[in-house]
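Written out below as structure tokens is the structure these notes cover.
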Amino acid sequence: MAYEESWYAVRCVFQWVAWEGAPYEERLTLWRAGSMEQAIARAEGEARTYATENGHRYLELAQCYRLATDGRPDDGDEVFSLVRDSPLGEEAYLDQYFDTGHEHQGT
């Protein structure tokens, strides 16, 4: 489905192969595009450039989210959402996907 001049957030996944332990990076980028497909295509082009320029490997995974805003994104606007089914309880879920103890957080 095509939308006129919408904002899209695209999450791409990379592996930093030159770093000790070869950590993974999930990177969100913001795109103004006419459709989800166009936003993904633009994001994947940028992802390949980012990976090449930084010695990383793009893992060919892009997930897209259309922002629910008519204008330019502003404070507090949701830029990405992913809903996942899981049989895990809340602590196990957070430990499994978000708080493994091996995250590199910050800039």
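For chymotrypsin sites (Phe, Trp or Tyr not before Pro), the sites in the range 17-59 that DSSP calls loop and that have at most 14 other Cβ atoms within 10 Å are Trp19. Counting beta carbons within 10 Å around each of Ser6, Ser81 and listing the fewest first gives the order Ser81, Ser6. The long axis of helix 36-54 is offset from the longest Cα principal axis of the chain by roughly 40 degrees.
Using Cβ contacts closer than 10 Å as the measure, can you line up Asp85, Asp70, Asp77 from fewest to most? Please list the in-between numbers first.
Details: Asp85 4, Asp70 8, Asp77 13.
Ordered by Cβ neighbours within 10 Å, fewest first: Asp85, Asp70, Asp77.
Please identify the longest segment of the chain free of exposed GluC sites (Glu not before Pro), where exposed means a DSSP state other than H, G, I, E or B and no more than 14 other Cβ atoms within 10 Å. Intermediate values should be presented prior to the final figure.
Details: sites that count: Glu20, Glu78, Glu103.
Longest stretch, sites excluded: 21-77.
Placing pseudo-labels 7 Å out from each Cα toward the beta carbon at Arg84 and Glu5 gives an inter-label distance of 3.6 nm.
Arranged from fewest to most other beta-carbon atoms within 10 Å of their beta carbon, Leu59, Leu67, Leu82 become Leu82, Leu59, Leu67. Let me know the shape class of the range 1-62, please: from the alpha-carbon gyration tensor, a ≥ b ≥ c as square roots of the eigenvalues, rounded when a/c is under 1.5, otherwise prolate if a/b is greater than b/c, or oblate. Prolate is the answer for the range 1-62, as a/c is 1.5 or above and a/b outweighs b/c. Note on Thr52 and Arg32: the extension gain reaches 4.9 nm, defined as 0.36 nm multiplied by sequence separation minus the Cα-Cα distance. Calculated [222 nm] ellipticity per residue, helices only, for the chain: -8000 deg cm²/dmol; basis is -39500 (n - 2.57) per DSSP H run with n ≥ 4, divided by all residues, nearest 500.
With a ≥ b ≥ c taken as the square roots of the eigenvalues of the C-alpha gyration tensor of the range 45-107, please select rounded if a/c is under 1.5 and otherwise prolate if a/b is larger than b/c or oblate if it is not?
oblate
Please work out the FRET efficiency for the pair Val17 and Tyr97, using the Cβ-Cβ distance as r and a Förster radius of 22 Å; give the result to the nearest 0.05. Plugging the Cβ-Cβ distance into 1/(1 + (r/R0)^6) gives 0.50.
Beta bridges per DSSP, both residues in the chain: antiparallel share near 100 percent.
Starting from the Cα gyration tensor of the chain, take the square roots of the eigenvalues, sort them a ≥ b ≥ c, and report rounded, prolate or oblate (rounded when a/c is under 1.5, otherwise prolate if a/b is larger than b/c, else oblate). Since a/c reaches 1.5 but b/c is at least a/b, the shape of the chain is classed as oblate.
Rule-based calculations on the coordinates, nothing more; no lab input. Everything quoted here is computed from the prediction, not taken from an experiment. Note: ideal-geometry Cβ built from the backbone for every residue, glycine included; neighbour counts use all protein chains shown.
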